Amino acid sequence: MKFSLKLLLWTIIVMAVALGFSGYFFVNYVFETSLAREVEQALDENSILSFAFETAALNVPAKYNILQDNTIEEIASNLETGGHGTSRLLRISDENRKILYASDGFEADGALLEQTDKSTKTYRVIKMSEGYYVQTGATVDTLDRILYLETMRDISDVFRERELGFSVYRRVTIAMLIAGTLIMHFISSWLTKPIRLLTKATKRMAAGDYSYRARQVSDDELGLLTKDFNDMANTLEENIGKLEEGIQDRENFVAAFAHELKTPLTAIIGYADMLRSHKLDEEKSFMSANYIYTEGKRLEAMALRLLDIIVTKREETEFQNVSAESIFRYLEDMFVGGGQRFRYRYDSGMVWAEINLIKTVLINLIDNACKASEAGGMIEVEGHRLETGYRFVVKDYGVGIPREEQRNVVKAFYMVDKSRARSKNGAGLGLALCKEILQLHGSVLEIESEPGKGTCIGFTLPNQGKEEADEENRKYRE
């Protein structure tokens with residue numbers, strides 16, 4: 001069953017129960033109030049008739065010492081027909097509860113009479129063939145006689161009003177339930193609209209449409225749920241995009257790897273076959289062997305770089321504080337001589353890193369800068385102490401990298417200028433290795449480049465922690 005129908009059904013059930021109980025108690029309250037009023041009036045009428053009977057008995061001529069039965073009947077008859085032209089139902093009994101006078105229609109039994117005594121007025125509500133009555137009983141003490149006066153008051157209108165009240169309330173309840181059903185149908189549909197939109201969105205996404213989003217139609221909890229769902233969908237779409245991009249990168253990696261293997265292997269096989277099947281002079285033999293050696297070294301370098309990338313991803317690294325000065329002295333010794341000019345500028349301080357891996361990153365960046373520069377070109381290597389860490393920068397003034405290529409240069413085997421890279425024994429793995437190493441250090445490569453003007457590549461190694469870094473810097477200065 002749909003949630004909106006459940007909400008509608010339970011609302012109608014609650015309304016029906018609430019209206020039923022409230023109607024029952026309301027009509028009964030009105031009925032009990034009216035019945036109590038009628039009973040009170042019947043008791044008052046009984047008291048008035050008792051007083052009237054006693055007064056009439058006192059005005060009877062004193063022929064006898066006690067009140068005679070015929071005189072009682074005469075007084076009772078006068079009391080019955082009195083009262084502004086209306087007749088009353090009454091019954092009078094003697095000391096022995098023997099009936100002396102009863103109005104026509106007074107059909108009640110003697111149960112109430114048996115309960116009546118001098119100190120108690122009694123009453124009861126009885127049902128007779130003609131309707132409902134209040135029967136009252138009291139004693140009358142006059143002229144040395146104890147008489148019992150009973151009256152009956154018709155209260156059928158009170159019961160008819162109760163039945164009418166229930167009938168009206170049932171019709172009103174049915175009408176209110178019908179109206180409430182229609183109103184709650186629209187309300188439940190409106191309240192559950194965000195759920196329907198979410199259901200539609202989940203079905204669309206399950207079908208593969210990851211760009212579809214649920215429309216937010218409210219600011220309540222369901223609206224917040226819709227917003228959270230859309231945020232989740234955005235994250236899911238982004239992750240799926242990354243997975244698809246990763247799959248594509250792997251496919252490109254396999255294709256590029258196969259291509260990079262094919263080129264040197266073709267040369268190696270070709271020159272090896274030439275040496276095997278032909279007698280060559282010393283110069284051609286040396287040239288063929290040199291080609292085989294050169295391509296073999298390129299395959300070896302490529303295999304070592306790939307191994308470094310794999311090992312970097314899987315091995316746990318041990319970080320330590322090392323001085324920036326020692327790193328730059330190592331680089332100066334590493335790249336001394338050669339055909340490039342170097343300028344080193346750096347701030348003293350401590351660096352939180354795995355020293356060998358960071359040296360590998362800097363060597364790769366400087367090596368790429370040398371390959372991108374003409375002979376005798378300037379290579380600038382800088383180090384700056386920042387509040388958040390230590391920043392390294394390698395800058396050249398060579399060929400540069402087009403903006404659209406800058407995002408891809410960190411991918412394995414990706415080379416902007418393949419012929420230039422291969423001529424200098426490049427395989428497009430250096431920056432990919434740098435990217436993996438810096439990820440272990442919580443850093444990324446930042447590339448700024450313009451074709452023909454050079455490239456600036458930098459990264460920032462974050463502090464070990466402010467207190468630890470301050471302590472290490474203090475020790476270093478001492």
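Restricted to the range 185-237, and to residues that are in contact (Cβ under 8 Å) with a residue 24 or more places away in the chain and among the aromatic types (F, W, Y), which residue is most open to solvent (accessible area, probe 1.4 Å)?
Within the range 185-237, the match that is most open to solvent (accessible area, probe 1.4 Å) is Y210.
Of the conditions (1) hydrophobic (A, V, I, L, M, F, W, C); (2) crowded, with 16+ Cβ neighbours inside 10 Å; (3) more than 46 Å from the chain's Cα centre (by Cα), M128 satisfies every one except a single condition; which number is it?
Result: M128 fails condition (2) only.
Among what's in the range 332-352 and is modelled with pLDDT of 90 or more and among the aliphatic types (A, V, I, L, M), pick the residue that is least open to solvent (accessible area, probe 1.4 Å).
V351
Pairs only if they're at least six apart or on different chains, beta carbon under 8 angstrom, first in the range 156-177 and closer than 13 Å to Y132 by Cα, second of a type in the set (D, E); list them, first residue then second.
Within 8 Å, the pairs are S156/E130; V158/E38.
Condition check ((1) under 30 Å from R91 (Cβ atoms); (2) without any contact (Cβ under 8 Å) to a residue 24 or more places away in the chain; (3) not in a helix (DSSP H, G or I)) across all residues:
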| residue | (1), (2), (3) |
| --- | --- |
| V14 | no, yes, no |
| A18 | no, yes, no |
| N28 | no, no, no |
| S34 | yes, no, no |
| E38 | yes, no, no |
| L43 | yes, no, no |
| L49 | yes, no, no |
| F53 | yes, no, no |
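Scan the range 159-191 for residues that are polar (S, T, N, Q), at pLDDT 90 or above and in contact with a Phe, Trp or Tyr (Cβ under 9 Å, 6 or more places away or on another chain) and report the count.
Selection size over the range 159-191: 0.
Residue by residue, here is whether (1) among the hydrophobic types (A, V, I, L, M, F, W, C); (2) surrounded by fewer than 17 Cβ atoms within 10 Å (Cβ to Cβ) holds:
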{"position": "L9", "(1), (2)": "yes, yes"}
{"position": "A16", "(1), (2)": "yes, yes"}
{"position": "G20", "(1), (2)": "no, yes"}
{"position": "F26", "(1), (2)": "yes, yes"}
{"position": "A36", "(1), (2)": "yes, yes"}
{"position": "V39", "(1), (2)": "yes, no"}
{"position": "I48", "(1), (2)": "yes, yes"}
{"position": "A56", "(1), (2)": "yes, no"}
{"position": "P61", "(1), (2)": "no, yes"}
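Restricting to the range 374-393, and then to whatever is touching a residue at least 40 places away in the same chain (Cβ under 8 Å) and assigned to a loop (DSSP other than H, G, I, E, B), can you tell me which residue is most open to solvent (accessible area, probe 1.4 Å)?
The residue in question is T388.
The values are calculated or read from the model by the stated rules, or taken from the named source; none is laboratory data. From a predicted model like this one, the values you see are computed outputs, not experimental measurements. For neighbour counting, all protein chains shown are included, and Cβ atoms are generated from backbone atoms with ideal geometry for every residue, glycine included. Protein only, heavy atoms only, side chains kept; ligands, DNA and RNA dropped before computing areas. Shrake-Rupley method; radii C 1.70, N 1.55, O 1.52, S 1.80 Å.
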